[in-house]
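What follows draws every value from the coordinates through simple rules; no lab data is involved. This one's a predicted model, so the numbers in the text were calculated from it and none came from an experiment. Cβ: placed from backbone, ideal geometry, glycine included. Neighbour counts: every protein chain shown.
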Amino acid sequence: MNSSSSSSSSGKQQQQEEEKEKKRRKQGLGWIEWARGWFQLIYEMFFQRIAASHLENPLPLPSLNDLTCIVTGSTSGIGLQTARQLAESGAHVVMAVRNPKAGHDLVQKWQSEWSGVGLPLNIEVMELNLLSLDSVVRFAEAWNARLGPLHVLINNAGIFSLGEPQRFSKDGYEEHMQVNHLAPALLSILLLPSLIRGSPSRIVNVNSIMHAVGFVDTEDMNVTSGKRKFSSLVGYSSSKLAQIMFSTILQKRLPAEAGINVLCVSPGIVHTNVARDLPRILQAGYRLIPYFIFDAREGSRSSLFAATDPQVPEYCEMLRADDWPVCAYISHDCRPSNASEEAHNLATSHRVWEKTLEMTGLSSDVVEKLLDGEEVQCRYGLKQE
């Protein structure tokens, strides 16, 4: 009787604590944070070219003959420029793309243009569809089966379906959240064995200044509860903030001896294929202010810098030693920057980490298992070292 009463009391107390915790959780950005985020976005648009005036275009790269790099979404925009410049500097580049034919056509074109300039470009194309988590697992299995090193993973692919209605992947997740966050997160985790073999290695996530107006509700990742009205802006900004928060915890879960650094970069405000989805009046505005907006080659500089600069690991380790609450963040001017105030919310970052593992079908100890060389299971397939 006493034992039953004690158990009931303990259960009620736990329930009360959970309810208090829910009440303490933020329901959205405060108006000051929201205003600050929009100010940062507008400021970056009009002054990014001045801030980055010290950078050459294209960004000079060192010899990368010993590097193997995977670049997702590399048939257009920033990813295309990133893949080509890495290859021209000697790296072995894997274009992980949804449309392999488009990738092969690009490689043939580049090889033809590069003929006589130097050795043939070392590029290959592999299929990867981020709207399918099964495709992510198949890609990771195929790559890890080679038992070779991976030095740089650049999670570049992303979507911003401006003005479009809410859509869901076949996995049941809102498309912005899946393509911009869940699929790259799953890919990063599953490729850890290859990144360990390539140590020192890097995971570079192409993010956006728009994370500064984002908010992540881990109980409503699909934005379907009605607490927030969905828009493409909400979907995009939330997914980019979730990416930073997940990257923060991944960096903290990886011991220094693993030799893997995780960082996010902002390419700036870039004229890419996103403009195709803009309303006509905004497309006209896009064309009217070309001076302020980067082209894709300029937008690729922060990714290339994060992937190749020798001081980046030192910067990441300094943040780790200081127990900084957010992962390394490189701005469009290739300088260390600071993510938004909400990105520093470690409690939410931990919840994003846990929810992401749950949504991608991974166990909470997946990183530790992979570091120990164990096999891991997820509902989208079996991943082996």
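Expressed in nm to one decimal, what extension gain is obtained for the pair D372 and Q311 from 0.36 nm per residue of sequence separation less their Cα-Cα distance?
19.2 nm
Remark: the chain carries a charge dipole of roughly 980 debye about the Cα centre, counting +1 on each Lys and Arg Cβ and -1 on each Asp and Glu Cβ. Ordered by the number of other Cβ atoms lying within 10 Å of each residue's own Cβ, fewest first, Y236, Y43, Y315 fall into the sequence Y43, Y315, Y236. Across the chain, C-alpha contacts under 8 Å between residues 6 or more apart give a mean separation that, scaled by the residue count, equals a relative contact order of 19 percent.
Work from the charge dipole of the chain (Cβ charges, +1 for Lys and Arg, -1 for Asp and Glu, about the Cα centre) and give the residue of F294, N57, P120 farthest towards its positive end. Result: F294. Sorting 338-344, 200-206 by average packing, meaning the other beta carbons within 10 Å per residue, from highest down gives 200-206, 338-344.
Peptide packing for 246-254, 162-170 was compared via the average number of neighbouring C-beta atoms within 10 Å per residue; ordered from the highest value, the list is 246-254, 162-170. Counting only DSSP beta bridges with both residues in region 32-360, the antiparallel share comes to about 10 percent. The stretch between A256 and R379, if pulled fully straight at 0.36 nm per residue, gains 41.3 nm over its current Cα-Cα span. Over 20 Å apart at the Cα level, from the set K26/K229; K170/K369; K170/K227; K26/K240, are K170/K369; K170/K227. Given q = 0.06, 0.08, 0.09, 0.13 Å⁻¹, what are the Debye log10 I(q)/I(0) values for region 32-360, with equal point scatterers placed on the Cα positions and solvent ignored? So the normalised log intensities work out to -0.18, -0.33, -0.43, -0.95. Any idea how far the Cα center of region 72-130 sits from the one of region 135-158, in Å? First find each Cα centre; the distance between them is then 15 Å.
With R₀ fixed at 51 Å, the C-beta to C-beta distance from N65 to R36 puts the FRET efficiency at about 0.70. Placing a label point 7 Å from the Cα of E358 along the Cα-to-Cβ direction, the residues of region 240-256 whose backbone N falls under 18 Å from that point are 242-243, 245-247, 249-250. When the alpha-carbon atoms of region 104-246 are used, the pair Rg, Dmax equals 17.6, 59 angstrom.
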